[in-house]
1. Residues being of a type in the set (Ser, Thr, Tyr) and in contact with a Ser or Thr (Cβ under 9 Å, 6 or more places away or on another chain): count how many of those fall in segment B:270-307.
2. For the list (1) over 24 Å from B:GLY261 (Cα atoms); (2) assigned to a helix (DSSP H, G or I), I need the number of the one condition that B:ALA211 fails.
3. Taking A:LYS74 as the residue in question, decide whether it is more than 30 Å from B:ILE107 (Cα to Cα) and touching a His at 6+ places or on another chain (Cβ under 6 Å).
4. Evaluate segment B:288-300: report whether one residue or more is in a helix (DSSP H, G or I), away from chain A (no Cβ under 14 Å), open to solvent by 20 Å² or more (accessible area, probe 1.4 Å) and of a type outside the set (Val, Ile, Thr).
5. For segment B:43-59, check the following and say yes or no: at least one residue is within 14 Å of another protein chain (Cβ to nearest Cβ), touching a residue at least 40 places away in the same chain (Cβ under 8 Å) and of a type outside the set (Asp, Glu).
6. When you check B:GLY318 against the structure, is it within 14 Å of the chain's Cα centre (by Cα), without any contact (Cβ under 8 Å) to a residue 24 or more places away in the chain and within 18 Å of B:VAL56 (Cα to Cα), yes or no?
7. Please verify whether A:GLU24 is open to solvent by 40 Å² or more (accessible area, probe 1.4 Å), in contact with a strand residue (DSSP E or B) (Cβ under 6 Å, 6 or more places away or on another chain) and among the charged types (D, E, K, R), treating the condition exactly as stated.
8. What is the number of the single condition among (1) closer than 15 Å to B:LEU291 by Cβ; (2) modelled with pLDDT of 95 or more; (3) among the hydrophobic types (A, V, I, L, M, F, W, C) that B:CYS94 does not meet?
Amino acid sequence: MQQTLEVMGQVCPFPLIEAKKVIEELKSGDELVIQFDCTQATESIPRWAAESGHTVTNFEQLSEAAWTITVKKK
Amino acid sequence: MLQMILTGLLCGALLGFVMQRGRFCLTGGFRDMYIAKDNRMFYALLIAIAVQSIGVYSLIQLGMIEFSAGAFPWIATIVGSFIFGIGIVFAGGCATGTWYRAGEGLIGSWIALFGYMVMSAIMKSGPLTPLDQSLQSVQLPKNSIAESTGLSVWVFISIFAAIVLWILIKEQRKPKVVIPTMKPKRKGLAHLLFEKRWHPFFTALIVGLIAILAWPLSEATGRMYGLGITTPSANILQYLVTGDQKILNWGVFLVLGIFLGSFIAAKGSREFRFRMPDTKTGISSFIGGILMGFGASLAGGCSIGNGLVMTAMMTWQGWVSLLFIILGTWTASYFVFVRPIVKKKSLNSGTPITTA
């Protein structure tokens, strides 16, 4: 299953706080797609994913200051 | 005048560029010590302080620059720093952070910056000047840690540098986690400058070097100080409403340069876009800016002026201020980030579920 979290317009650290909240409700192997535009989250979200053992299956810049990252729950 | 404009803008642009690319956010760093138990950004700040301290005191030793620490307005430093720490959480960035995020196109940071400038001017030359001055008049005679202990400043610099080295070695030994990155789309210099992720410790080293450079550049124009954000930010507004050119100084061009450098970095890496905050974020940014201006004026510096520069100069003001900025950040983080989550959790698990 894949779920999308749209946090465009939210400033740090809210995109990460939201992501943590949502991923708790997912099952292992489910994917969470996070769309965000807070620059600092390009550092904090992949770091959080790596440190908590989730897998990043996609991470790219969509356009000017807009990113998407897909985190697969461990 | 021309020299002041050029060297100020240049030094500021370097700083803005490096901070934007390195995601050098002190507010986030102090906040994450508490909410994420992550000290990396704090360690990065310590590296920048150590580099600057060694550099600046070497320049002083060589007679190239002058510095006098003066007295220590302890009450104003403690109260002001704590309020500043609360303000930066609401504003979503410290004084420098707000300047460089403004350069990334975040309208919320423009709002915070406006509140910050207005409140600093109110404190420094407006109706709150008496309050500012009366709190600052409660002083301890010596601000320099070396002077009050009678030891050479190099004793403290050596001890501090040793602590920083020890932290670096300890961090290096930690098991490494591979942080996923985006696929590079550019090559060579363009990749290094506008795409690659910068390690916070590398960024900190460059910030420390720029902080050293700021001293001789600033003193050559008659401003006997290094990096500083609050007074120059207030000066911009004071100049705009009075037209008095004497108000302009190297620091004014430094902060304008931060904005410019961050804009160049963001534009070059496709990270610039005007972003309008929602009403709640907009209001919280404005309140944050007001608190920042009030606190930093009282404390005689922000997280750069006190937290990065006065600490490197080994003054009581710098270290006490840094401590209280961090405590202020944690207090505000508790109410803004931690409590709402705890509350929600206890609501979900605590109340018995009744089904009809």
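The values are calculated or read from the model by the stated rules, or taken from the named source; none is laboratory data. In this text the structure is predicted, and so the values were computed from the model without any measurement. Positions of Cβ are backbone-derived with ideal geometry, glycine not excepted, and every protein chain shown enters the neighbour counts. When the accessible area is computed, the model is the full protein with side chains, heavy atoms only, and any ligands, DNA or RNA have been set aside. Shrake-Rupley method; radii C 1.70, N 1.55, O 1.52, S 1.80 Å.
1. Residues flagged as of a type in the set (Ser, Thr, Tyr) and in contact with a Ser or Thr (Cβ under 9 Å, 6 or more places away or on another chain) within segment B:270-307 amount to 3.
2. So the condition that B:ALA211 fails would be (1).
3. Here the answer is yes, as A:LYS74 does meet what is asked.
4. Yes, segment B:288-300 contains at least one residue that is in a helix (DSSP H, G or I), away from chain A (no Cβ under 14 Å), open to solvent by 20 Å² or more (accessible area, probe 1.4 Å) and of a type outside the set (Val, Ile, Thr).
5. Here is the first cut: in segment B:43-59, the ones within 14 Å of another protein chain (Cβ to nearest Cβ) are B:44.
With touching a residue at least 40 places away in the same chain (Cβ under 8 Å) added as a condition, the list becomes B:44.
Then drop every residue that is not of a type outside the set (Asp, Glu), which leaves B:44.
Checking segment B:43-59: at least one residue is within 14 Å of another protein chain (Cβ to nearest Cβ), touching a residue at least 40 places away in the same chain (Cβ under 8 Å) and of a type outside the set (Asp, Glu).
6. Against the criterion (within 14 Å of the chain's Cα centre (by Cα), without any contact (Cβ under 8 Å) to a residue 24 or more places away in the chain and within 18 Å of B:VAL56 (Cα to Cα)), B:GLY318 qualifies.
7. Numbers: open to solvent by 40 Å² or more (accessible area, probe 1.4 Å): yes; in contact with a strand residue (DSSP E or B) (Cβ under 6 Å, 6 or more places away or on another chain): no; among the charged types (D, E, K, R): yes.
Judged against the criteria, A:GLU24 is not a match.
8. (2)
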